[in-house]
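Peer 1: Take this structure first; my questions come after.
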Amino acid sequence: MRKILVIGIGAGDPDHLTLQAVKAINTADVFFILDKGEEKSDLVRLRREILERHAGQRPYRLMEAQDPDRDRTAATPAYSPAVGDWRRRRADICERLIRDGLADGECGAFLVWGDPALYDSTLGILEDILARGAVDFDYSVVPGISSVSALAAGHRTGLNQVARPVQITTGRRLAEGLPEGVDDVVVMLDAHQTFARYQDEDLHIYWGAYVGTADEILISGRLSEVADRIRAVRAEARERKGWIMDTYLLRRGPAEDTAGG
């Protein structure tokens, strides 16, 4: 039986790896890497750095493939079909990597940014491959430090206020309105800076880009006062690097009223 490990590697800092993740890395024979192109070559370089630092001198193989392009402009209701098409094409590639690169009895690994359980497609894709029935394997998951937890740590704040819930959503969903009954909203995958729509609300924002990397940028404050600054800094950073990954927390109420314990 082939074995697959889905290893959360944190938000970008090689020191974010848990001891469990390091142990898992040292059991894999093959590491599968999907290259997102020249603009995001930093992501491949960081994976290689993680392996050089934590895999030691033991022999292992790397198998790389080009990640398929995804239509990120599709509007609702076309968004879900566009994501489904991208996942099918990604599953085709991953199925080939596992079939051709992993012998019976060997262990392969996917190194997943952040935590595999939070807005990542790897687990769903592996289930799709198993459902096809052409390649058989067992898999397990090693949790990682997400950009959400790294963002909160960087800003020295909790994600929720005392006895209040926190909701994690996307920029696409936030565009439909602020959720009712929730004072703390973490927003991921927001290419359109949707927070700017709510500058008239009594909100604080804790924003971060390239969280956990050497390029990390953190800005916080009353949304009405820092929204324009965030948009300018974000645009400059994206122009400079060619890509950006950012996450933020929107909070109703006093910025300092965070949860403890």
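No lab work stands behind these numbers, since they all come straight from the coordinates. Just so it is clear, the model here is predicted, and its values are computed rather than measured. Note: ideal-geometry Cβ built from the backbone for every residue, glycine included; neighbour counts use all protein chains shown.
Peer 1: In debye, nearest 20, what is the charge dipole magnitude of the chain about its Cα centre with +1 on Lys and Arg Cβ and -1 on Asp and Glu Cβ, if you could check?
Peer 2: Magnitude of the dipole: close to 280 debye.
Peer 1: Sticking with this structure for a sec: For helix 122-132, report the angle its Cα long axis makes with the longest principal axis of the Cα atoms of the chain; keep it between 0 and 90° and round to the nearest 10°.
Peer 2: 40 degrees
Peer 1: Taking just the alpha carbons, could you work out the radius of gyration and Dmax for the range 147-252, both in angstroms?
Peer 2: Taking only Cα atoms of the range 147-252, I get Rg and Dmax of 12.8, 41 Å.
Peer 1: Which whole-number percent gives the relative contact order of the range 147-252, counting Cα pairs below 8 Å spaced six or more residues apart?
Peer 2: 32 percent
Peer 1: Continuing with this model, one more query. What ranking do TRP207, TRP243, TRP86 get, fewest neighbouring Cβ atoms within 10 angstrom at the top?
Peer 2: Ordered by Cβ neighbours within 10 Å, fewest first: TRP243, TRP86, TRP207.
Peer 1: Let me ask something else. Work out Dmax and Rg for the chain from the C-alpha atoms and quote the Rg first, both in angstrom.
Peer 2: 19.5, 59
Peer 1: What whole-number distance in Å separates the alpha-carbon centres of the range 44-63 and the range 182-261?
Peer 2: Centre-to-centre distance over Cα atoms comes out at 32 Å.
Peer 1: For HIS54, project a label point 7 Å along Cα to C-beta. Then give me every residue of the range 126-158 with its amide nitrogen under 20 Å of that point.
Peer 2: Within reach of a label on HIS54, which here means backbone N under 20 Å from a point 7 Å along Cα→Cβ, the range 126-158 contributes 139-154.
Peer 1: Another one. Mean residue ellipticity at 222 nm from the helices of the chain, using -39,500 (n - 2.57) per DSSP H segment of n ≥ 4 over the full residue count, to the nearest 500 deg cm²/dmol?
Peer 2: Theoretical 222 nm ellipticity from helices: -10500 deg cm²/dmol.
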